[in-house]
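See structure below.
The values are calculated or read from the model by the stated rules, or taken from the named source; none is laboratory data. In this text, all values refer to a predicted model and were calculated from it rather than measured experimentally. We place every Cβ from the backbone using ideal geometry, glycine too, and count neighbours over all the protein chains shown. The accessibility values were calculated without ligands, DNA or RNA, using every heavy atom of the protein model including side chains. Shrake-Rupley method; radii C 1.70, N 1.55, O 1.52, S 1.80 Å.
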Amino acid sequence: MAEVKVKKEKDVFDAAEVEKRIKDLCEQFPHGITDTVIQNDMPDLEPQQRAAAINKLLSLGQLDLLRNSSGLLYRLKDSQGAGKMKGSDNQEKLVYQIIEDAGNKGIWSRDIRFKSNLPLTEINKILKNLESKKLIKAVKSVAASKKKVYMLYNVQPDRSVTGGAWYSDQDFESEFVEVLNQQCFKFLQSKAEAARDSKQSPMVQRNSSFATSHEVWKYISELGISKVDLSMEDIETILNTLIYDGKVEMTVIAAKEGTVGSVDGHMKLFRGVNAIIAPTGLAKTPCGLCPVFHDCHDGGDISPSSCVYLSEWLDF
């Protein structure tokens, strides 16, 4: 009996069905999909039909075409972003997309050039155009004062870019930090004095002299000495500097979830302390703290005459 071969027909895909499936894949992978992802999902789909569906979605403005190290990338277009970029050419859309991906940390023009493969002159022209439309903004970074990073116009820059509450126009506000140091220490000292005046047992006095970072934050906020809104993290940064100065000590206790000032079931407590023995004058000089003090001598590689730390201290 002759063998009968049955030829299996390939699945026939409707164009609308292919387009919907591609958009569904983009929703599953918000960072974008490659041709390989589409091929794996619809292995029987003809390359011509796949290309036609992608081109139609691109022409309708429903997909973004990006490029990464592995090749072309298709991503579902944000409807709000699409409206903002209406009338822009593909190069401008690409630069806008790269800046959007950078988030609140921004991106340098050099990195935009690397990711877009566009000439620097063209990138500068596009950046100026996007700035004029108030779609993006340039922000000076405290990490590199001569360089600007670009981010979307309505995005609040990250603390690593602006320096947070301690910087104003890329300048460190040393006087403001010093005032906060003094006021935080003053609050903790008053807390300790009130505990001593209570005439209770030493252990009770010690425990009641502690304050949470939330209490210190509330005190500073009520003083109204800051023009910017300070967070709990900002106040803890100040308290940490007081710990390094030997003026404050910290302990960590267990706390109920939801307690103000607690993080992951723990709470930091701070108290002002007085040094048992005042440091001598020599210990405050650069020589008193120098780790290579014993290797320092006239005519040597390490010498008092060439010590920049000693020179700065004497000038002060």
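Mind counting the residues in segment 112-132 that are within 17 Å of residue 97 (Cβ to Cβ) and of a type in the set (Ser, Thr, Tyr)?
Number satisfying all stated conditions: 1.
Regarding residue 213, is this residue crowded, with 17+ Cβ neighbours inside 10 Å, under 28 Å from residue 157 (Cβ atoms) and of a type in the set (Ser, Thr, Tyr)?
Values: crowded, with 17+ Cβ neighbours inside 10 Å: yes; under 28 Å from residue 157 (Cβ atoms): yes; of a type in the set (Ser, Thr, Tyr): yes.
When the stated conditions are applied, residue 213 passes them.
Looking at 182, 205 in this structure, which one is within 19 Å of residue 273 (Cα to Cα), more than 26 Å from the chain's Cα centre (by Cα), in a helix (DSSP H, G or I) and at pLDDT below 85? Give the derivation first.
Details: 182 fails: at pLDDT below 85.
None of the other options fit; the residue is 205.
Can you confirm whether segment 42-61 contains a residue that is in contact with a Lys or Arg (Cβ under 9 Å, 6 or more places away or on another chain), exposed (fewer than 12 other Cβ atoms within 10 Å of the Cβ) and closer than 26 Å to residue 97 by Cβ?
no
Cβ-Cβ below 8 Å, separation at least six or inter-chain, first residue in segment 167-191 and free of Cβ contacts under 8 Å to residues at least 12 places away in the same chain, second part of a loop (DSSP other than H, G, I, E, B) and of a type in the set (Asp, Glu): which pairs?
none
Any residue at all in segment 258-272 that is touching a Leu at 6+ places or on another chain (Cβ under 6 Å), open to solvent by less than 50 Å² (accessible area, probe 1.4 Å) and at pLDDT below 80?
Within segment 258-272 (the criterion being touching a Leu at 6+ places or on another chain (Cβ under 6 Å), open to solvent by less than 50 Å² (accessible area, probe 1.4 Å) and at pLDDT below 80), the answer is no, since none of the residues qualifies.
Please enumerate the residues belonging to segment 218-230 that are of a type outside the set (Asp, Glu), more than 13 Å from residue 186 (Cβ to Cβ) and either open to solvent by 60 Å² or more (accessible area, probe 1.4 Å) or free of Cβ contacts under 8 Å to residues at least 12 places away in the same chain (or both).
In the first step, residues of segment 218-230 are kept if they are of a type outside the set (Asp, Glu); the result is 218-221, 223-228, 230.
This time we only want the ones that are more than 13 Å from residue 186 (Cβ to Cβ), so: 218, 221, 224, 226-228, 230.
218, 221, 224, 227, 228, listed by residue number.
Mind checking which residues of segment 85-97 are crowded, with 16+ Cβ neighbours inside 10 Å and more than 20 Å from residue 31 (Cβ to Cβ)?
88, 92
Can you pull out every residue in segment 98-140 that is within 29 Å of residue 172 (Cα to Cα), part of a loop (DSSP other than H, G, I, E, B) and either β-branched (Val, Ile, Thr) or open to solvent by 30 Å² or more (accessible area, probe 1.4 Å) (or both)?
108, 134, listed by residue number.
Identify all residues within segment 232-256 that are touching a residue at least 24 places away in the same chain (Cβ under 8 Å) and small (Gly, Ala, Ser); write none if there are none.
Of everything in segment 232-256, just one residue is touching a residue at least 24 places away in the same chain (Cβ under 8 Å) and small (Gly, Ala, Ser), namely 246.
Could you grab me the full set of residues in segment 208-232 that are at pLDDT 85 or above and acidic (Asp, Glu)?
215, 222
Would you check which residues across segment 92-114 are basic (Lys, Arg), farther than 18 Å from residue 162 by Cα and under 21 Å from the mean Cα position of the chain (by Cα) and list them? Talk me through it step by step, then tell me what you get.
Taking segment 92-114 first, the residues basic (Lys, Arg) are 93, 105, 110, 113.
Now restrict to residues that are farther than 18 Å from residue 162 by Cα: 93, 110, 113.
Hit for segment 92-114 is 110, nothing else.
With respect to residue 205, is the statement that it is open to solvent by 50 Å² or more (accessible area, probe 1.4 Å) and not basic (Lys, Arg) true?
Working: open to solvent by 50 Å² or more (accessible area, probe 1.4 Å): no; not basic (Lys, Arg): yes.
No, not satisfied.
Take residue 5 and tell me if it is within 30 Å of residue 161 (Cα to Cα) and either at pLDDT below 80 or more than 29 Å from the chain's Cα centre (by Cα) (or both). Give the steps one after another, and end with the answer.
Numbers: within 30 Å of residue 161 (Cα to Cα): no; either at pLDDT below 80 or more than 29 Å from the chain's Cα centre (by Cα) (or both): yes.
Spelling it out, it is not the case that residue 5 is within 30 Å of residue 161 (Cα to Cα) and either at pLDDT below 80 or more than 29 Å from the chain's Cα centre (by Cα) (or both).
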